[in-house]
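Novice: Supplied in C-alpha cells, the structure appears directly below.
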Amino acid sequence: MDHLKGIGEIGIGSRLKRLSDYMMKETQIVYDTFNVDFDPYLFPTLQIIKHKKEVTNTEINQRLKTSQPATTQAINKLEKKGLIILKTHANDKRKKIISLSEKGKDFIHNVTPLWKSMEFTIKKYTRITSDSLIGHINILEEKFNKQAFSNAIIEHFKMNNTTQLEIVNFNNEYAKNFYALNIEWLETYFYVEPYDEEVLSKPQKYIIDKGGHIFFAKLNNEIVGTVALMPLDKNGTFELTKMAVSPEHRGHKIGQQLITKCIDFSKENDFKNLLLYSNTLLENAIYIYRKYGFVEVLLEENSPYKRSDIKMIYKG
C-alpha cells in the first residue's frame, strides 16, 4: 500500500519531493544510457549561463531563488566538468563572472536533442485533467508505473535522433520476429485464427516459397515491425498482409514506412493488383490506407479472414 498516497492533501509536500526525486533519478538514467557526463540538478544553473554571455553567481542565485551554498556548489561542479569559465568581478572580489567554455558550448549543442526528447516526454506525461494538484500527482504516478519516465525519453530520442529506420528483406533469422509481432498484434486487437497460426509459423513455406515477400523494419539492430506481400494468383495480384509493429514503437509512423515500401516494391515489379483486408474498427489504419491510395471494393463472401469486413485495393 502507498502510505503517502493514502494521507491525502496534507502529504502534498512529501508527494512532490518523492516525485522530484523520481524524475531526477530517471533523468540521470537517461544521461548514463547515452554516456552523457551530467547531473540533472545542474540543468537550471547551466541554462541561465547559456542564455547570457556573462552572468554573476549572485544573479544565478536570485533567478533560481535557491540558497547561496547550493548555487556555489552547482557552479563549482560545472567548472570542474570544464563547462564554464570563472573570472573574479572587477569591483567585487566576492562575485564571480561566469560564462560558457568552448567545451560547454559544444556540450550544449550535442545534448540539446536529448533535452528536446525530455521536454517532449514531460509534456506528454503531464497532459492531465484533474480538479486538484493531488489528483494530478496521482495520475502522473500511475503513468510512471505503466512506463518508466527514463524509458519513454530513451524511446523518443532513439526514434528521432539515432540511425534512421532500415527496411530489410526476409531471412530465416527473422522468422521468429515475424511470428511474435503478428501474434501480439492479433491478440491485442482480435484473435488468432487457425489460418493465421499456420501462415505465421511457416512464412518460408506459405509466403516466400510461393513467390511472396516479407519486409522488416529494423531500428538499431532491433526488428520493430514487419509486413508481407503474399501472391494471390499467378497474374500478379498480391495481398499486403501480416503488418505489425511492436507496441513500444507504435505512433512513430513505422507502419506507414512499411506501406510505402510495399507500394514502391509493387510498382518496381509491375504488380497487377495490390490489395488488403482489414476491419473498420481500426479507424486509424483505414485512414492511413486511404491516405496512401487504397480504395474500398466489394468484399467477397469467402474472405480468407473472419475478422475482415473491408477489402481495399491500391489505385495510387
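Novice: Met23 accessible area, nearest 10 Å², 1.4 Å probe?
Specialist: 50
Novice: Tell me, how many Å apart are the Cα centres for the range 117-163 and for the range 29-52?
Specialist: 19
Novice: For Ile97, list long-range residues whose amide hydrogen, built 1.01 Å from N in the peptide plane, is under 5 Å from its own amide hydrogen.
Specialist: Residues meeting the amide H criterion: Lys87, Thr88, His89.
Novice: Roughly speaking, to the nearest percent, how much of the range 85-192's 1.4 Å accessible area is carbon and sulfur?
Specialist: Answer for the range 85-192 is 50 percent, counting heavy atoms of protein chains only.
Novice: Shifting gears a bit: Using θ = phi - 60° and the Karplus relation 6.51 cos²θ - 1.76 cosθ + 1.60, list the HN-Hα couplings for the range 305-316 in order, rounded to whole Hz, with x at every Gly or Pro.
Specialist: Here the 3J(HN,Hα) series is 10, 5, 6, 7, 10, 8, 10, 10, 10, 6, 10, x Hz.
Novice: With +1 on each Lys and Arg Cβ and -1 on each Asp and Glu Cβ, how big is the dipole of the range 158-295 about its Cα centre, in debye rounded to the nearest 20?
Specialist: 360
Novice: Pop out the ³J(HN,Hα) list for the range 77-88 in order, Karplus 6.51 cos²θ - 1.76 cosθ + 1.60 with θ = phi - 60°, rounded to Hz; leave Gly and Pro as x.
Specialist: Listing the rounded values in order: 5, 5, 5, 4, 7, x, 8, 9, 10, 10, 10, 6 Hz.
Novice: Another question, then. Among all lysine pairs in the range 233-316 that are eight or more places apart or on different chains, how many have alpha carbons less than 19 angstrom apart?
Specialist: 17
Novice: Separate question: Mind checking the angle between helix 133-146 and the chain's longest principal axis? C-alpha axes, 0 to 90 degrees, to the nearest 10.
Specialist: On a 0 to 90 degree scale, this one is about 50.
Novice: Express in nm, to one decimal, how much length is gained between Lys291 and Asp106 on full extension, taking 0.36 nm for each residue of separation and deducting their alpha carbon distance.
Specialist: Gain on extension, Lys291 to Asp106, equals 62.4 nm.
Novice: What's the magnitude of the charge dipole for the range 241-304 around its Cα centre, counting Lys and Arg as +1 and Asp and Glu as -1 at the beta-carbon? Answer in Debye, nearest 20.
Specialist: The calculation lands at about 260 debye.
Novice: Right, something else. What label, among (1) 52, 27, 19; (2) 35, 24, 18; (3) 53, 24, 16, belongs to semi-axes √(5λ) of the Cα gyration tensor in Å computed from the structure on display?
Specialist: (3)
Novice: Nearest 10 degrees, 0 to 90: what angle lies between the long axis of helix 254-268 and the longest principal axis of the chain (Cα atoms)?
Specialist: It is inclined by approximately 40 degrees.
Novice: Using only the alpha-carbon atoms, how far is helix 102-125 inclined from the longest principal axis of the chain? Give it as 0 to 90 degrees, nearest 10.
Specialist: 60
Novice: Got a number for the accessible area of Arg290? Probe 1.4 Å, square angstrom, nearest 10.
Specialist: 120
Novice: Give the residue list of GluC sites (Glu not before Pro) in the range 1-68 that are DSSP loop and have at most 16 other beta-carbon atoms within 10 angstrom.
Specialist: Working: sites: Glu9, Glu26, Glu54, Glu59; in loops: Glu54.
Within the range 1-68, the qualifying GluC sites (Glu not before Pro) (loop, at most 16 other Cβ atoms within 10 Å) are Glu54.
Novice: Would you grab the residues whose amide H sits under 5 Å from the one on Tyr305? Only those 5+ places off in sequence or on another chain, please, with H modelled 1.01 Å from N.
Specialist: HN-HN under 5 Å from Tyr305: empty list.
Novice: Right, another one. Only sites in a loop by DSSP and with at most 16 other Cβ atoms within 10 Å count here; which chymotrypsin sites (Phe, Trp or Tyr not before Pro) in the range 98-191 make the cut? Spell out each step's value before the answer.
Specialist: Working: sites: Phe107, Trp115, Phe120, Tyr125, Phe144, Phe149, Phe157, Phe170, Tyr174, Phe178, Tyr179, Trp185, Tyr189, Phe190, Tyr191; in loops: Phe170, Phe190, Tyr191.
Counting only loop positions with at most 16 other Cβ atoms within 10 Å, the chymotrypsin sites (Phe, Trp or Tyr not before Pro) in the range 98-191 are Phe190, Tyr191.
Novice: From the helices alone, meaning DSSP H stretches of at least four residues, give me the mean residue ellipticity at 222 nm for the chain, per-run term -39500 (n - 2.57), in deg cm²/dmol to the nearest 500.
Specialist: -15500 deg cm²/dmol
Novice: So how far apart, in nm, are the two label points at Ile97 and Glu166 if each is 7 Å from Cα heading toward Cβ?
Specialist: Result: 5.1 nm between the two label points.
Novice: Keeping every protein chain in place, order Ser20, Ser266 by accessible area at 1.4 Å, biggest value first, i.e. largest first.
Specialist: On the way: Ser20 50, Ser266 10 Å².
Result of the area sort, largest leading: Ser20, Ser266.
Novice: Report ³J(HN,Hα) in whole Hz for each residue of the range 15-29, in order, from the Karplus equation J = 6.51 cos²θ - 1.76 cosθ + 1.60 where θ = phi - 60°; Gly and Pro get x.
Specialist: With coefficients 6.51, -1.76 and 1.60, one gets 5, 5, 5, 5, 5, 4, 4, 5, 5, 5, 5, 5, 5, 5, 4 Hz.
Novice: List the trypsin sites (Lys or Arg not before Pro) within the range 40-99 that DSSP assigns to loop and that have no more than 13 neighbouring Cβ atoms inside 10 Å.
Specialist: Lys53, Lys65, Lys93, Arg94
The values are calculated or read from the model by the stated rules, or taken from the named source; none is laboratory data. Keep in mind the model is a prediction, meaning the values are calculated, not measured. Because the Cβ atoms are built from the backbone with ideal geometry, glycine has one as well, and the counts that use them run over all protein chains shown. For the accessible areas, the whole protein counts, side chains as well, though only heavy atoms, and no ligand, DNA or RNA atoms are used. Shrake-Rupley method; radii C 1.70, N 1.55, O 1.52, S 1.80 Å.
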